[in-house]
1. Relative to the longest principal axis of the C-alpha atoms of the chain, give the angle of the C-alpha long axis of helix 123-138, reported between 0 and 90° and rounded to the nearest 10°.
2. Would you kindly state the longest site-free stretch of the chain, with sites defined as chymotrypsin sites (Phe, Trp or Tyr not before Pro) in a DSSP loop (not H, G, I, E, B) surrounded by at most 13 other Cβ atoms within 10 Å?
3. Calculated FRET efficiency, residue 114 and residue 54, Cβ-Cβ r, R0 25 Å, to nearest 0.05?
4. Considering only protein heavy atoms, what per residue accessible area in square angstrom results for the chain with a 1.4 angstrom probe?
5. Subtract the Cα-Cα distance of residue 35 and residue 87 from 0.36 nm times their separation in residues, and report this length gain in nm to one decimal.
6. Taking the alpha-carbon centroid of each part, what is the distance from the stretch 14-49 to the stretch 67-142 in angstrom?
7. By how many degrees, 0 to 90 and rounded to 10, does the Cα axis of helix 40-77 deviate from the longest principal axis of the chain?
8. Calculated FRET efficiency, residue 141 and residue 63, Cβ-Cβ r, R0 41 Å, to nearest 0.05?
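The values are calculated or read from the model by the stated rules, or taken from the named source; none is laboratory data. Model, not experiment: these values are computed from the prediction. Please note: Cβ atoms are built from the backbone with ideal geometry, for glycine as well, and neighbour counts cover all protein chains shown. Remember, those area values only see protein heavy atoms, side chains included, never the ligands or the DNA or RNA. Shrake-Rupley method; radii C 1.70, N 1.55, O 1.52, S 1.80 Å.
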Amino acid sequence: MPAMIYLTIKLVHIFSVFIYGGFLFTDNLFLSRMKKDLTTDEHSIVREYFMQYVRKVVPKALIVAVASGIYLFYVNFGVIGDEGWSNFQILLGIKGFLGSWLGLRGVLQVFFGIQPLVFKSHLFPFLLVIIIIILSQLMFSV
Ligand code: HEM
């Protein structure tokens, strides 16, 4: 039974991360190209139209990703041994920190209107997501 719960929450993590990361991939790889073909006015209209739907789903997916991530972290991290943090614990710690940072940044921005001071574009979260995905695969084999 606990294995079923774990599997379910891991799937929730993967799908929410998919929605959040999927938006960042789409925005940075494809939507950013619209700017070249449209006038400034056209671009702001099209972008706003698109973002209207993005805002309904993507920030919630990010919250689900962080919440499910905290559960997975809790199950996986284990106790810190006498020799200090294991390599797994270090990479998972970095992954969890970066993921939580994205989560905090997203919540402050979307729900409290606090704009991040640095890295206003979506390029920074995009790069972080790529790093997090790589860490998520590396951490189990170091
Ligand atoms: C937007 C942020 C996040 C992204 C893009 C992300 C992405 C991923 C991906 C791609 C996996 C691999 C799944 C697999 O190989 O089956 C994963 C697993 C995991 N994530 Fe996240 N994650 C995020 C946030 C978090 C947070 C905030 C935490 C912890 C506080 C966390 C903890 C974990 C753990 C422990 C696993 C391993 C689960 C397992 O393989 O059994 N994640 N994450």
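1. 30 degrees
2. The reported range is 31-84.
3. 0.85
4. Counting only protein heavy atoms, the per-residue value for the chain is 68 Å².
5. Length difference between fully extended and current span is 14.4 nm.
6. 24 Å
7. 10 degrees
8. 0.90
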